[in-house]
Amino acid sequence: MKDPWEEISSSDYEKRMKHDSVMQDETAITYRILNASDYDQLFSLWNQVEETKRALNPVDDSRQGISAYIKRIPNTCFGAICDGKIVAAILTGHDGRRAIIHHLCVHPDFRRKGIARTLVQKAEEAIKKEGIQKIFGLVFKDNDKANAFWEGMGYSVRTNLNYRNKSLNDAIPTGE
């Protein structure tokens, strides 16, 4: 394990600082682990982004559902913060064997700044620390921008599988 107090070169220090903070129009973006008290901001963000809004369901994405999700796996969900507000977020969980990314979402005013890439990298690092070696995400087929982003992040399309869905709660739509 690396010594956190080791001396590092100024270029390495700058790289580390860029990894943890991005300048957005002279306002710093910081990253932190999300917690249940972030729900109102998360829900507001999700509802401002059409691609995410259509993926929400009234049970899993309720205050109770998100609180339970974060409580089960408290170190794998991250937010990007600007001026005290969540402007982007990623929910990542796992079943002990494989991880899944839910709701990677960046407010339209903050896109194309590397924020989504940083959130994915933080989530992947956290998942590795949990001992998980494989991760997947679900993306609507017609979301070309998101699919291109995930392809660029090294996530391949599995053509040999069918994703099957069954709702065990009448309040949750089964999808198309």
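The values are calculated or read from the model by the stated rules, or taken from the named source; none is laboratory data. Keep in mind that this is a model prediction, so the values were computed, not measured. Neighbour counts run over all protein chains shown; Cβ positions are idealised from the backbone, glycine included. Note: accessible area is taken over every heavy atom of the protein model, side chains too, but ligands, DNA and RNA are not part of it. Shrake-Rupley method; radii C 1.70, N 1.55, O 1.52, S 1.80 Å.
Does Val106 fit the bill of being more than 12 Å from the chain's Cα centre (by Cα) and of a type in the set (Val, Ile, Thr)?
Considered against the rule, which asks whether it is more than 12 Å from the chain's Cα centre (by Cα) and of a type in the set (Val, Ile, Thr), Val106 comes out as no.
Run Ile86 past the list (1) over 15 Å from Ile29 (Cα atoms); (2) without any contact (Cβ under 8 Å) to a residue 60 or more places away in the chain and report the number of the one that doesn't hold.
(1)
Is at least one residue of region 111-128 open to solvent by 100 Å² or more (accessible area, probe 1.4 Å), among the β-branched types (Val, Ile, Thr) and on the phi < 0 side of the Ramachandran plot?
No: zero hits.
I need a count of the residues in region 64-75 that are under 22 Å from Ala123 (Cβ atoms) and free of Cβ contacts under 8 Å to residues at least 40 places away in the same chain.
8
Lys145: open to solvent by 60 Å² or more (accessible area, probe 1.4 Å), in contact with an Asp or Glu (Cβ under 9 Å, 6 or more places away or on another chain) and in a helix (DSSP H, G or I), yes or no?
yes
Which condition number in (1) in contact with a Gly (Cβ under 7 Å, 6 or more places away or on another chain); (2) at pLDDT 95 or above is the one that Asn165 fails?
With (1) in contact with a Gly (Cβ under 7 Å, 6 or more places away or on another chain); (2) at pLDDT 95 or above applied to Asn165, the lone miss is (2).
Taking region 163-175, which residues are more than 13 Å from Leu138 (Cβ to Cβ) and open to solvent by 80 Å² or more (accessible area, probe 1.4 Å)?
Hits for region 163-175 are Lys166, Leu168, Asp170, Pro173.
Do we have any residue at all in region 47-63 that's surrounded by 15 or more Cβ atoms within 10 Å (Cβ to Cβ), under 19 Å from Tyr31 (Cα atoms) and touching a strand residue (DSSP E or B) at 6+ places or on another chain (Cβ under 8 Å)?
no
Any residue that is polar (S, T, N, Q), open to solvent by less than 40 Å² (accessible area, probe 1.4 Å), at pLDDT 90 or above and not in a loop (DSSP other than H, G, I, E, B) - is there at least one of those in region 30-40?
No, that holds for no residue.
Matching residues to (1) farther than 22 Å from Ile29 by Cβ; (2) assigned to a helix (DSSP H, G or I); (3) aromatic (Phe, Trp, Tyr):
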position	(1), (2), (3)
Arg112	no, no, no
Leu119	no, yes, no
Ile127	no, yes, no
Ile132	yes, no, no
Trp150	no, yes, yes
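Regarding Leu138, is this residue of a type in the set (A, V, I, L, M, F, W, C), open to solvent by 60 Å² or more (accessible area, probe 1.4 Å) and more than 24 Å from Gly114 (Cβ to Cβ)?
Considered against the rule, which asks whether it is of a type in the set (A, V, I, L, M, F, W, C), open to solvent by 60 Å² or more (accessible area, probe 1.4 Å) and more than 24 Å from Gly114 (Cβ to Cβ), Leu138 comes out as no.
Condition first: part of a loop (DSSP other than H, G, I, E, B), more than 21 Å from Tyr163 (Cα to Cα), within 16 Å of the chain's Cα centre (by Cα) and not aromatic (Phe, Trp, Tyr). Can you find one or more residues in region 43-53 that meet it?
Yes, region 43-53 has at least one match.
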